[in-house]
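This report concerns only the one structure given below.
The values are calculated or read from the model by the stated rules, or taken from the named source; none is laboratory data. Just so it is clear, the model here is predicted, and its values are computed rather than measured. Please note: Cβ atoms are built from the backbone with ideal geometry, for glycine as well, and neighbour counts cover all protein chains shown. To get the accessible areas, we keep the full protein, side chains included, count just its heavy atoms, and leave off ligands, DNA and RNA. Shrake-Rupley method; radii C 1.70, N 1.55, O 1.52, S 1.80 Å.
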2 protein chains.
Amino acid sequence: MTYCLGIILPAGLVLASDSRSNAGVDQITVVEKLTLFTQPGERLIAILGAGNLATTQAVITTLRQGLDAPPDPDIRTLFNVRTLFDAAELVGDTLRVATSRSTPYVEEASASFLVSGQIKGEAHRLFRIFPEGNFVEASERAQFFQLGETKYGKPILDRALARATTLDETAKLALLSFDATMRSNVAVGPPIDMLRYTADSFAPGQRDKFDEDNSYWRDLTGHYSEGLVRLVESLPPPP
Amino acid sequence: MTYCLGIILPAGLVLASDSRSNAGVDQITVVEKLTLFTQPGERLIAILGAGNLATTQAVITTLRQGLDAPPDPDIRTLFNVRTLFDAAELVGDTLRVATSRSTPYVEEASASFLVSGQIKGEAHRLFRIFPEGNFVEASERAQFFQLGETKYGKPILDRALARATTLDETAKLALLSFDATMRSNVAVGPPIDMLRYTADSFAPGQRDKFDEDNSYWRDLTGHYSEGLVRLVESLPPPP
């Protein structure tokens, strides 16, 4: 499985993914699911992938190879599309090609993506690309998108995430959402890759890895669990 | 959907179910999913059902009709089986009959159950009956079973439920688990039916209904959400 989370706020973006890839429980590996495409000062596009690893890698590599080719205004790339909507469409189209190449041979070749970031001339945005290649955009009313194992980590976001939450507070919530998920599904595993993007910075900003060796991660998850037990204790029992 | 939860503790049992039945989102009704079979002072058996409503009702009604017939030691009923293991087997067998009657005609006739309670001569117990009719028992290491929409409400149980938790504290945790579930899945709905069974009481004990009109429910869920936001705020943000 996989857990990817993208959150959009007036202050910017918080994007995070786990790193576990598994072909059965007896074969797990660590992979990077968060990829950045950056032109400093001009655009930053982050892509988070879930699903068949061959498909997600094919899509990311195809997008990257498009950037290595000599510039041609007639060929769409992540560095010449005008808006993030156009970038989402490019990712969706690339996904359709990759999936259709594999579908005759592979039982489950599907994948999905979050496409997020900012291109100069417009605000930062967040899109979710479905396995079919079509996509939806996050909004004030739908501030976050999840891919993969979405359920265990959703309640804390529903309760504590608000529009005015700061980037750092949101990053904390995202980590707690990953903690809830990793406790229940071993197919979601560390390290957690996280990007905090400040609106209008057009630069990668703060990118971090969190795992059991990270003292902040240990403190956060430990203190949260203890605090939650105390909070529940402080509420009166049913009559 | 449905959410049923059974928790076993040295102190007794906490059993709870939601009440929503739906045939598509445009047709929802309120049903009772928690059924009690009681011989005061002798035995209490609680059955919680999830899945196809025709199947769960057929199983419960068949079990109840067995009790209405003239007593015959050669015919197993919930009131003459010797142990709760035997009761679980009876429910599983009844489920197999009900499912096989419907399967040729119904696309998805499956159902599953929690069977819990206490029969004089042994300790209180908790079983989970799979749609195939086989079953497993809860233990010190697996203190709770869930049916239906299990994921949203699991993190709080994983974090806060301990072996020594009292019945009333556990009831509170169960309600918070239902709150997390009902916020995310509209196919799980009020009222919540809850039974608190005190070990060795052989009586229904405390049975309650909780919904939005219940002031304890409103206070609990409101104060929990506020407390959770304050707890998250009190933890330091990522470096």
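Close contacts from region A:56-76, counting a first residue that is without any contact (Cβ under 8 Å) to a residue 24 or more places away in the chain and a second that is assigned to a helix (DSSP H, G or I) and open to solvent by less than 50 Å² (accessible area, probe 1.4 Å), with Cβ to Cβ under 8 Å and a gap of 6+ residues or different chains, come to A:ILE75/A:GLY66; A:ARG76/A:GLY66; A:ARG76/A:ASP86; A:ARG76/A:LEU90. Residues in region A:36-53 that are within 18 Å of A:PHE210 (Cβ to Cβ) and buried (at least 18 other Cβ atoms within 10 Å of the Cβ): A:ALA46, A:LEU48.
Find the residue count for region B:15-33, including only residues that are farther than 13 Å from B:VAL186 by Cα and buried (at least 21 other Cβ atoms within 10 Å of the Cβ). So the answer is 4.
Answer yes or no as to whether A:ASP200 is of a type in the set (Asp, Glu), surrounded by 15 or more Cβ atoms within 10 Å (Cβ to Cβ) and touching a residue at least 40 places away in the same chain (Cβ under 8 Å). The answer is no for A:ASP200. Can you confirm whether A:LEU84 is out of contact with any Cys (no Cβ under 7 Å at 6 or more places or on another chain) and closer than 20 Å to A:PHE144 by Cα? Answer is yes for this residue. Could you tell me whether B:VAL97 is open to solvent by 10 Å² or more (accessible area, probe 1.4 Å) and under 29 Å from B:ALA187 (Cβ atoms)? When the stated conditions are applied, B:VAL97 passes them.
Hey, any hits in region B:54-75 for a residue that's over 20 Å from the mean Cα position of the chain (by Cα) and surrounded by 14 or more Cβ atoms within 10 Å (Cβ to Cβ)? Among the residues of region B:54-75, at least one is over 20 Å from the mean Cα position of the chain (by Cα) and surrounded by 14 or more Cβ atoms within 10 Å (Cβ to Cβ), which makes the answer yes.
Against the test of being in contact (Cβ under 8 Å) with a residue 24 or more places away in the chain and in contact with a Gly (Cβ under 6 Å, 6 or more places away or on another chain), the options A:PHE127, A:PHE145, A:PHE85 yield a single qualifying residue, A:PHE145.
Candidates A:ALA46, A:ALA87: the one that is closer than 21 Å to A:ASP193 by Cα and either in contact with a Leu (Cβ under 8 Å, 6 or more places away or on another chain) or at pLDDT 95 or above (or both) is A:ALA46. Within region B:119-167, the residues that satisfy the criterion of being open to solvent by 60 Å² or more (accessible area, probe 1.4 Å) and of a type in the set (S, T, N, Q) are B:ASN134, B:THR166. Could you go through region B:203-210 and let me know if any residue there is among the polar types (S, T, N, Q), in contact with a helix residue (DSSP H, G or I) (Cβ under 7 Å, 6 or more places away or on another chain) and surrounded by 15 or more Cβ atoms within 10 Å (Cβ to Cβ). There is no residue in region B:203-210 that is among the polar types (S, T, N, Q), in contact with a helix residue (DSSP H, G or I) (Cβ under 7 Å, 6 or more places away or on another chain) and surrounded by 15 or more Cβ atoms within 10 Å (Cβ to Cβ). Among the residues of region B:1-14, those that are more than 16 Å from B:ILE129 (Cβ to Cβ) and open to solvent by 10 Å² or more (accessible area, probe 1.4 Å) comprise B:MET1, B:PRO10, B:ALA11. Being in contact with an Asp or Glu (Cβ under 8 Å, 6 or more places away or on another chain) and within 26 Å of A:GLU226 (Cα to Cα) is a property that B:ARG163 has.
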